1. Going by the conditions given, is Leu110 under 23 Å from Ala192 (Cα atoms) and out of contact with any Cys (no Cβ under 8 Å at 6 or more places or on another chain)?
2. Check segment 108-130 and report whether any residue there is of a type in the set (Val, Ile, Thr), more than 29 Å from Leu316 (Cα to Cα) and in contact (Cβ under 8 Å) with a residue 60 or more places away in the chain.
3. Scan segment 132-154 for residues that are within 22 Å of Gln310 (Cβ to Cβ) and hydroxyl-bearing (Ser, Thr, Tyr) and report the count.
4. Taking only segment 210-235 into account, find how many residues are more than 24 Å from Leu123 (Cα to Cα) and surrounded by fewer than 21 Cβ atoms within 10 Å (Cβ to Cβ).
5. Could you name every one of the strands (runs of 3 or more DSSP E) located completely within segment 171-275 that has at least 3 residues being more than 13 Å from the ligand (Cβ to nearest atom)?
6. Do the conditions hold for Asp73, that is, is it in contact (Cβ under 8 Å) with a residue 60 or more places away in the chain and surrounded by fewer than 17 Cβ atoms within 10 Å (Cβ to Cβ)?
7. Are there any strands (runs of 3 or more DSSP E) wholly within segment 1-74 with 1 or more residues that are assigned by TED's automatic domain parsing to the domain that holds Cys109, closer than 17 Å to Ala118 by Cα and more than 10 Å from the ligand (Cβ to nearest atom), and if so which?
Amino acid sequence: MRYEKIVVFGGAGFVGSNLAIFLKKDFPKIKIVCVDSLKRRGSELAIPRLKDNNIEFFHGDIRNKEDLTGIRDVDCVIDCSAEPSVLAGYSDESPEYVINTNFFGTINCLEVARKNKADFLFLSTSRVYPTKLINSLKLVEKETRFELAENQPVRGASSKGISEDFPIEGASSFYGATKLASEILINEYIDAYDMRAVIDRCGVIAGPWQMGKVDQGLIVLWAAKHYFKGELNYIGYGGEGKQVRDIIHIQDLYRLLKLQLENIEQFSGKTYNVGGGREFSVSLLELTKLCEKYTGNKIKIGSVKEDRTQDVPIYLTDTTKIKRECGWKPKITIDEIVKDVVEWIRKNEKSLKPILS
Ligand SMILES: NC(=O)c1ccc[n+]([C@@H]2O[C@H](COP(=O)([O-])OP(=O)(O)OC[C@H]3O[C@@H](n4cnc5c(N)ncnc54)[C@H](O)[C@@H]3O)[C@@H](O)[C@H]2O)c1
């Protein structure tokens with residue numbers, strides 16, 4: 001890889017810390033700096049992991065451009081810093097934090113890239129697609145899950161999932177909207193400053209060092225509540241646990257991001273839907289069975305019939321575009337993902353219990 005110094009914003013988070021460590025292991029000569037405000041509970045556990053891998057960490061808030069002025073001589077910026085909850089800004093909570101971090105913060109990260117003439121890799125989200133439109137898709141109800149019907153009333157949707165052609169007009173949550181606004185701005189930076197940048201709209205990502213909570217990090221939340229014998233609910237869609245997501249393991253995501261960084265000319269200026277796809281999808285009911293299998297614990301799961309704000313019964317990533325362009329595809333199955341997560345919790349039980357139980 002051609003880069004000499006990479007900065008990872010959100011570098012103590014789940015995605016950022018794993019990417020930084022995988023990159024350092026593959027390319028020990030590259031200097032890697034992780035910047036994070038440690039806003040997410042559990043991100044502090046990344047600091048010794050980064051240090052053990054010769055990765056520099058510094059505490060900084062992307063909302064404050066003064067915090068970022070010391071970042072110099074970088075030739076690649078990876079932006080993984082975010083308030084990643086789809087529920088952020090709802091109920092009585094002000095949307096300021098999510099807007100200031102996910103939108104104004106991205107501008108500060110882009111400015112670091114512009115001033116350093118660095119390439120830019122942006123972790124966006126499938127939540128940019130409007131909730132009501134996803135909820136208008138035709139479903140087929142099976143015994144343990146919902147499926148998407150083959151013929152759909154909206155362009156860009158099929159039984160394979162949602163492709164990049166799916167419309168983007170409409171509300172999608174503050175999280176989705178701030179990510180979409182950032183994407184639009186990134187395209188302006190590409191055009192105005194000849195910046196090379198790639199946008200990946202990721203579906204649900206999972207793996208070790210994700211600090212799963214009720215509003216984000218589904219697989220770890222489910223596995224940890226089983227492991228520590230906590231409480232869970234099937235929320236919405238009749239409270240039966242038939243809602244479905246496709247899942248991608250962090251190592252599969254890393255293989256793609258590495259390929260994109262190594263061939264940035266090929267990918268720059270493009271936006272991709274990235275995820276496990278139909279083959280690597282799971283319903284909550286099916287996930288419960290896997291968590292029981294790997295933790296050996298069975299817990300009582302409650303049922304809440306009322307749907308949650310900005311929730312969708314099914315999201316599947318149609319990964320046709322990225323597969324066609326570079327041949328990448330995910331390899332790690334849902335079964336292996338759950339197994340891996342449970343093993344990680346078992347190995348780190350003491351430090352994780354206060355955060356995940
Ligand atoms: N995990 C997923 O399933 C998923 C899915 C789609 C997209 N993404 C995207 O991937 C990226 C990484 O997500 P993640 O799962 O690692 O989340 P995470 O919460 O684990 O990591 C985000 C990190 O950003 C930090 N942060 C928050 N506000 C900050 C601020 N103002 N300044 C500096 N740091 C700040 C947090 O402390 C945290 O360590 C995000 O951009 C997210 O939108 C994640």
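The values are calculated or read from the model by the stated rules, or taken from the named source; none is laboratory data. Quantities reported herein were computed from a predicted structural model and do not represent experimental measurements. Every residue, glycine as well, gets a Cβ built from its backbone with ideal geometry; the counts of neighbours run over all protein chains shown.
1. Working: under 23 Å from Ala192 (Cα atoms): yes; out of contact with any Cys (no Cβ under 8 Å at 6 or more places or on another chain): yes.
Criteria met by Leu110.
2. Of all residues in segment 108-130, those of a type in the set (Val, Ile, Thr) come to 112, 125, 128.
Adding the requirement that they be more than 29 Å from Leu316 (Cα to Cα) leaves 112.
Filter once more, so that each one left must be in contact (Cβ under 8 Å) with a residue 60 or more places away in the chain: 112.
For segment 108-130, residues of a type in the set (Val, Ile, Thr), more than 29 Å from Leu316 (Cα to Cα) and in contact (Cβ under 8 Å) with a residue 60 or more places away in the chain: present.
3. Of the residues in that region, 1 qualify.
4. Step one: of segment 210-235, the residues more than 24 Å from Leu123 (Cα to Cα) are 223-235.
If we keep only those that are surrounded by fewer than 21 Cβ atoms within 10 Å (Cβ to Cβ) as well, we get 228-235.
Residues in segment 210-235 being more than 24 Å from Leu123 (Cα to Cα) and surrounded by fewer than 21 Cβ atoms within 10 Å (Cβ to Cβ): 8 in total.
5. Where strands (runs of 3 or more DSSP E) fall fully within segment 171-275 and carry at least 3 residues being more than 13 Å from the ligand (Cβ to nearest atom), they are 232-235.
6. Details: in contact (Cβ under 8 Å) with a residue 60 or more places away in the chain: yes; surrounded by fewer than 17 Cβ atoms within 10 Å (Cβ to Cβ): yes.
So Asp73 passes the test.
7. On the way: elements: 5-9, 31-36, 56-59.
Strands (runs of 3 or more DSSP E) meeting the threshold: 5-9, 31-36.
Conditions tested, residue by residue: (1) buried (at least 23 other Cβ atoms within 10 Å of the Cβ); (2) within 26 Å of Val112 (Cα to Cα).
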| position | (1), (2) |
| --- | --- |
| Phe166 | no, no |
| Phe174 | yes, yes |
| Ile184 | no, yes |
| Glu188 | no, yes |
| Ala192 | no, yes |
| Ala197 | yes, yes |
| Arg201 | yes, yes |
| Ile205 | yes, no |
